[in-house]
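The values are calculated or read from the model by the stated rules, or taken from the named source; none is laboratory data. Predicted model only: the values in this text are computed from it and were never measured. Counting neighbours? That spans all protein chains shown, and the Cβs are built from the backbone with ideal geometry, glycine included. Surface areas here come from the heavy atoms of the whole protein model, side chains and all, with no ligands, DNA or RNA. Shrake-Rupley method; radii C 1.70, N 1.55, O 1.52, S 1.80 Å.
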Amino acid sequence: MQAMVLRKLGTALEWTDLADLHPGPGQIRVKVSACGVCRTDLHVVDGELPDPQLPIIPGHEIVGRIDAIGSGVEGLRIGERVGIPWLGHTCGICRYCAELRENLCDRPLFTGFTRDGGFATATIADARFAFPLGEKGDDVALAPLLCAGLIGWRALVIAGEGKRLGLYGFGAAAHILAQVAVWQGRSVSAFTRPGDVATQDFARSLGAKWAGGSDEMPPEPLDAAIIFATAGELVPISLKAVRKGGRVVCAGIHMSDIPAFPYRLLWEERQLVSVANLTRRDGIDFLRVAREVGVVTQTTRYPLAQANQALADLRAGRYEGAAVLVPS
Ligand SMILES: [Zn+2]
Ligand SMILES: [Zn+2]
């Protein structure tokens, strides 16, 4: 197998030939057909997440087909198309696992961060954390659903039922979530970098009622806002944009420091919460909803060997939607 491997934090991934892997008990081997590039991959490469594991193969939006099955795996078959998400393994016994909050597990493994991921021609996964994807839809189009869509979905559920929803940062996650929120009958306001007219147009094309810069206020106060961008200064800005009792959800795994802000922005029962990881239930629910909505993802393909270019383009905001790596 071949993979793009991160050997040292802050350096480019290296194209590497590796011995073929064999699935152990409870595991499957997946021949990767597409793997989305997520902002979290940038955080992994930049060393912005705690306790990194090196060397590591990044990538946690994996679509592929099972080509080997370890002992004790039930309900999956050779040739079946599956998706492998960020949550790669949980302990099953800590208080969070017991409380059905496995997203907060004390001893988790995360795909592409603490276990090898999908910037590769093949990967090994814990079979219990693979989602059967069926045969409908293109591999590349499905890949961004596995994290951008899924974590976005968890953030949307936590944002509550409010009709007026603000999305700060209109990248891979928001471009999927906007479609879901509009389908649910919500009114979406999209906030981009000030002056990023192309992304504002993109947001309107996906059903956003209003789109503007993050330095602008929405036409009406929001019931809830989700922050997908990594800029901490968006926290006080979005608190200002939500109504009394409104909620701001931070959906990213990493954010720059949040500047001090006056208490009156939080006052009147506004809430500020974060979303961490996903549960398998989130995945099952979201993949069903995405099919019902008919979510269409906008993707830019890169050959696997050009993973570094894809990461650079993500960092620079050079495409709308999501980048997806394809082994050639
Ligand atoms: Zn646990
Ligand atoms: Zn991700």
Length gained if residue 163 through residue 298 is fully extended, taking 0.36 nm per residue and subtracting the Cα-Cα distance, is 46.1 nm
Quick check for you: with a 1.4 Å probe and neighbouring chains kept, what is the accessible area per residue of region 150-303, in Å²? 45 Å²
What nm distance separates the two modelled labels at residue 46 and residue 318, each placed 7 Å from Cα along Cα→Cβ? 1.7 nm
Relative pair counts by distance (%), Cα atoms of region 1-58, 10 Å bins: 20, 45, 33, 2
Can you send over the carbon and sulfur percentage of the accessible area for the chain, probe radius 1.4 Å, protein chains only? 52 percent
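Report the local net charge at residue 52: Lys and Arg +1, Asp and Glu -1, summed over other residues whose C-beta lies under 11 Å from its C-beta.
Working: positive: 8; negative: 46, 48, 51.
Neighbourhood net charge equals -2.
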Inter-label distance, nm, simple model (7 Å from Cα along the C-beta direction), residue 271/residue 217: 2.4 nm
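Please give the peptides 293-300, 233-240, 118-125, 97-104 ranked by average Cβ packing (other Cβ atoms within 10 Å per residue), highest first, as a rough proxy for protection. Show your work: numbers first, answer last.
Working: 293-300: 17.5, 233-240: 20.9, 118-125: 25.9, 97-104: 15.1.
Put in order of decreasing packing, that is 118-125, 233-240, 293-300, 97-104.
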What nm value, rounded to one decimal, do you get for the distance between residue 284 and residue 106 when each label is placed 7 Å out toward the C-beta? 2.6 nm
For the chain, with the dipole built from +1 on Lys and Arg beta-carbon atoms and -1 on Asp and Glu ones, taken about the Cα centre, which of 22, 178, 302 lies farthest toward the positive end? 178
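What are the membrane-span-like helices in the chain by this rule: whole DSSP H runs, Cα extent along the axis at least 27 Å, mean Kyte-Doolittle hydropathy at least 1.6? All intermediate terms of the calculation are to be shown ahead of the outcome.
Details: long enough: none.
None clear 27 Å together with a mean of 1.6.
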Could you check how many percent of all C-alpha pairs in the chain are farther apart than 34 Å? 20 percent
Just to be sure I understand: of the beta bridges DSSP finds with both ends in the chain, what percent are antiparallel, rounded to 5? 50 percent
